[in-house]
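Below is one structure, written out as structure tokens; the observations come after it.
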Amino acid sequence: MGFYGMYLDPTYMVIFVVTLIISLGAQMYVKSAYGKWSKVPNSNNLTGLQVGQILLQRTGLGVTYQAAYGKGVQFQGIGGQLTDHYDPSKHVVGLSQGVATQASVASMAIVAHELGHAQQHAQHSPLIAMRNFLVPAVRFSPMLSYALIFMGLIFNITGLFYLGILVFGLMVLFSIITLPVEIDASRRGIKLLNEAGLMVNTSDAQGSKNVLTAAATTYIAAAITAVLQLLYYLSIANRRR
């Protein structure tokens, strides 16, 4: 089966449509949740940056992190929207302008989630350690795996095709491991907010849960997409025997 033929494969088209719907649905859910709760002030009227600083102070996370790495967690402004992240290599929580400067429920939840990652790092969570171990490999695995798979199909070189599937499997493994890591970070974030006394009313609790649940769906969508693609490539390998 050649390169052109694979794109006409009905199975491939079904998988493409299904994964596209799942991915777009997850993105719409995230944008809807963020759009709603970024307009609702949190009870303490604290910006995302202020929430982050308070969580480090009141929960003991700052002390724990300092003891683990000899330095504290730093906050850094970054561009874009919903680009917030925790960088374990630099011990930095990157906050988009909207999250850092707005006193919203969404900002509070997002900062707490990223500090949940910092807590995972400080406590040496096995899952986040495994994910971080795979990061260098998955930076190149998507393009490399596709190139190997397509070249194996075009030139009918079975070894290249199977090698491509193996490399692609690293990305699938990364996606699967990422899911519980992200869910755990949200769980930790909610717990940090409660410990710091920032989860005051129903709006705080409901909005935070809604925003973080929506964010989790993007990782679920990514994992499903990766697994379905892997199963498709394996089905091609089975047909070529």
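The values are calculated or read from the model by the stated rules, or taken from the named source; none is laboratory data. All of these numbers come straight from a predicted model, not from anything done at the bench. FYI the Cβ positions are ideal-geometry reconstructions off the backbone, even for glycines, and counts take in every protein chain you see.
Here are the numbers:
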{"read-out": "Subset of the range 73-85 [at pLDDT 95 or above, within 22 Å of residue 190 (Cβ to Cβ) and assigned to a loop (DSSP other than H, G, I, E, B)]", "value": "73, 83, 84"}
{"read-out": "Near pairs, Cβ below 6 angstrom, 6+ apart or cross-chain, from the range 182-207 (at pLDDT 95 or above) to any residue that is basic (Lys, Arg)", "value": "196/58"}
{"read-out": "Filter result (surrounded by fewer than 18 Cβ atoms within 10 Å (Cβ to Cβ) and not charged (D, E, K, R)) within the range 76-87", "value": "76, 77, 78, 79, 80, 81, 82, 83, 85"}
{"read-out": "Selection within the range 221-236 - surrounded by 16 or more Cβ atoms within 10 Å (Cβ to Cβ) and either among the aliphatic types (A, V, I, L, M) or part of a loop (DSSP other than H, G, I, E, B) (or both)", "value": "221, 222, 223, 224, 226, 228, 230, 236"}
{"read-out": "Residue satisfying condition, being over 20 Å from the mean Cα position of the chain (by Cα) and either within 24 Å of residue 228 (Cα to Cα) or outside any loop (DSSP other than H, G, I, E, B) (or both), within set 143, 171, 151", "value": "151"}
{"read-out": "Residue under evaluation residue 170, criteria (1) touching a helix residue (DSSP H, G or I) at 6+ places or on another chain (Cβ under 6 Å); (2) under 30 Å from residue 124 (Cα atoms); (3) buried (at least 18 other Cβ atoms within 10 Å of the Cβ), criterion not met", "value": "(3)"}
{"read-out": "Subset of the range 72-101 that is out of contact with any strand residue (DSSP E or B) (no Cβ under 9 Å at 6 or more places or on another chain) and not hydroxyl-bearing (Ser, Thr, Tyr) - its residue that is nearest to residue 49 (Cα to Cα)", "value": "99"}
{"read-out": "In the range 86-136, the residues that are outside any helix (DSSP H, G or I), hydrophobic (A, V, I, L, M, F, W, C) and either over 21 Å from residue 61 (Cα atoms) or in contact with a His (Cβ under 7 Å, 6 or more places away or on another chain) (or both)", "value": "103"}
{"read-out": "Residue in the range 188-199 that is closer than 30 Å to residue 147 by Cα and either in contact with a Gly (Cβ under 8 Å, 6 or more places away or on another chain) or outside any helix (DSSP H, G or I) (or both) present", "value": "no"}
{"read-out": "Selection status of residue 115, modelled with pLDDT of 90 or more, farther than 23 Å from residue 200 by Cα and not small (Gly, Ala, Ser)", "value": "no"}
{"read-out": "So residue 18, is it part of a helix (DSSP H, G or I) and within 21 Å of residue 217 (Cα to Cα)", "value": "yes"}
